[in-house]
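Structure first, then comments.
FYI, it's all coordinate maths here, none of it is from the lab. None of the values given here were measured: they were computed from a predicted structure. Cβ: placed from backbone, ideal geometry, glycine included. Neighbour counts: every protein chain shown.
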């Protein structure tokens, strides 16, 4: 085989669009994704512990015949309020891990070399400062939305509306900020504005990804406590890394189209090969 034939054959196997890049990334880096899942579990663990303690306590008082139904309801609300505080703290802790992994996922999505723990540590140092503002706001919003659900009597559909609004309006902005902070050095006010603009331009797809990330909460419908928390662990270790890299590749496409092509040509379509790349 001649040299130019070998080059042509090698070029044909390289990703030429975002879809091919996504599947090539999964194929080449599945071990790294497993490590991403384990690190994610480590930083989501405080929230899972608070959830487990809340569920275990509720099961304990529900099975205790010395409590009346009214007493069980009162104790459940008190426990849920403590859980709200714990969950909010857990969200802020998760910011640290997500900030580090955002740098790892960025390199993975471009099929660049990853030195996992070095890049993770650098991501924590570089990204946590900007991400933490979004995560603190999100934690406060989640606290008050759960507080309404747990403490105010009324129509259940209306009681879940605050949480639904948080997940529909603010959570997508947080997701976008995590991805853009790992690339651009924007001021906080610019991060809010640009995240909102990117969300509006890509509303349907960002909302779909937001819903997929939120779908982990459906596991709360599982009644058996052991199966429930095994399912949470499996979701975080296996499903979450796939969702994160999917959203990262989607954001690469959106940012290339809306920002990079004009302002950052050096990273435009990075990881994608065209005829000009040969």
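Odds and ends about this structure:
- Two-decimal log10 I(q)/I(0) for the range 214-253, as the Debye equation yields it once each C-alpha is a single scatterer, q = 0.23 Å⁻¹: -0.72
- Counting only DSSP H runs of at least 4 residues, each contributing -39500 (n - 2.57), and dividing by the residue count of the chain, the helix-based mean residue ellipticity at 222 nm comes to -24500 deg cm²/dmol.
- Normalising the average separation of contacting C-alpha pairs (under 8 angstrom, six or more residues apart) by the number of residues puts the relative contact order of the chain at 27 percent.
- Note on the range 184-258: Kirkwood hydrodynamic radius from all Cα pairs is 14.3 Å, rounded to one decimal.
- Sorted by Cβ neighbour density within 10 Å, fewest at the top, the residues 55, 119: 55, 119
- Between residue 197 and residue 227, the contour length at 0.36 nm per residue exceeds the alpha carbon distance by 6.7 nm.
- Percent of C-alpha pairs per 5 Å bin, the range 16-277, short to long: 1, 6, 11, 16, 19, 16, 11, 8, 5, 4, 2, 1, 0, 0, 0, 0
- Degrees separating the helix 203-214 axis from the principal Cα axis of the chain, which is the longest one: 50
- For the chain, modelled as a GNM whose springs connect Cα atoms under 10 angstrom apart, the maximal fluctuation among 108, 174, 219 occurs at 219.
- Annotation for the range 101-115 versus the range 185-252: alpha-carbon center distance of 18 Å.
- If you run the Gaussian network model on the chain, springs between alpha carbon atoms under 10 Å, then out of 195, 80, 70 the most flexible one is 70.
- Residue among 249, 133, 72 with the largest mean-square fluctuation in a Gaussian network model of the chain, springs linking Cα atoms under 10 Å: 72
- Cα-based helix-to-principal-axis angle, 69-109 vs the chain, degrees rounded to 10: 10
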